[in-house]
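In what follows, a single structure is set out as structure tokens and then discussed.
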Amino acid sequence: ELKVEQNPLFLSMQEGKNYTIYCNYSTTSDRLYWYRQDPGKSLESLFVLLSNGAVKQEGRLMASLDTKARLSTLHITAAVHDLSATYFCAVDTTGGGADGLTFGKGTHLIIQP
Amino acid sequence: DSGVTQTPKHLITATGQRVTLRCSPRSGDLSVYWYQQSLDQGLQFLIQYYNGEERAKGNILERFSAQQFPDLHSELNLSSLELGDSALYFCASSVWGGAQPQHFGDGTRLSIL
């Protein structure tokens, strides 16, 4: 059974600081997804990482994938309050084009002024 | 706006009842996925349809069923409802193949009294 573990599950940080969220998964997968969810809202796609060594950046967020270590990271640079949200990583469950996702528990991020 | 439409937004019903949740995917997306989000279970993949055919099953209870119609909209049927079925149910859609993210609707919040 595929397991996806995120840490930390809760993070409170100050504006302007840097931090990294970690996502470990238990079986081989070449596709790793990061989503953002605001309270009571839907999930917004942030990044799709498709191969070992993939790195993607959007604004203050950068995601990377190490398929050998089965590890993805989401790095936040110079955090701002608007980035406060819950961040989920997810891995393709079934492969072969049938793409049910297994999600981590999410990292609840609070950025304080 | 993800382009995925879910109705209704909220549903309140009683134990033992049956409800139907509806989803219209983004234009051009042939794959539809259903997920359940609850505080204790997190985000769980339930089932996937592609162009009218069931493609993958996740942690879907036998009391739950789904289908995708020729116009590609999908319905999730939940029967013999229990208190533990109270959750946020998301529909997502994507282009076939998994290299693209799944786009999530706003969800249906189901409350069982």
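The values are calculated or read from the model by the stated rules, or taken from the named source; none is laboratory data. Note that the structure is a prediction, hence the values are computed from the model and not measured. Please note: Cβ atoms are built from the backbone with ideal geometry, for glycine as well, and neighbour counts cover all protein chains shown. Note: areas computed on protein heavy atoms with side chains; ligands, DNA, RNA excluded. Shrake-Rupley method; radii C 1.70, N 1.55, O 1.52, S 1.80 Å.
Which distance in nm do the two modelled labels at B:Ser80 and B:Glu54 give, with both placed 7 Å along the Cα-to-Cβ direction?
About 1.6 nm separates the two model spin labels.
At 1.4 Å probe size, with no ligands or nucleic acids counted, give the accessible surface of B:Arg18 in Å², nearest ten.
Number for this one is 150 Å².
Sorted by accessible area with a 1.4 angstrom probe, largest first, how do A:His75, B:His10 fall?
Values: A:His75 50, B:His10 130 Å².
Sorted descending by solvent-accessible area, the residues read B:His10, A:His75.
Please give the FRET efficiency for B:Ser111 paired with A:Lys105, using the beta carbon to beta carbon distance and R0 = 22 Å, rounded to the nearest 0.05.
0.45
At 1.4 Å probe radius, can you tell me the per residue accessible area of chain A in Å²?
Averaged over the residues of chain A, the accessible area is 48 Å².
Could you work out the relative contact order of chain B? I mean the mean sequence separation of Cα pairs under 8 Å and 6+ apart, divided by the number of residues, in percent.
Across chain B, relative contact order equals 37 percent.
Would you count, across the protein assembly as shown, every pair of lysines whose alpha carbons are under 27 angstrom apart, provided the pair is eight or more residues apart or spans two chains?
Going through the protein assembly as shown pair by pair, I get 18.
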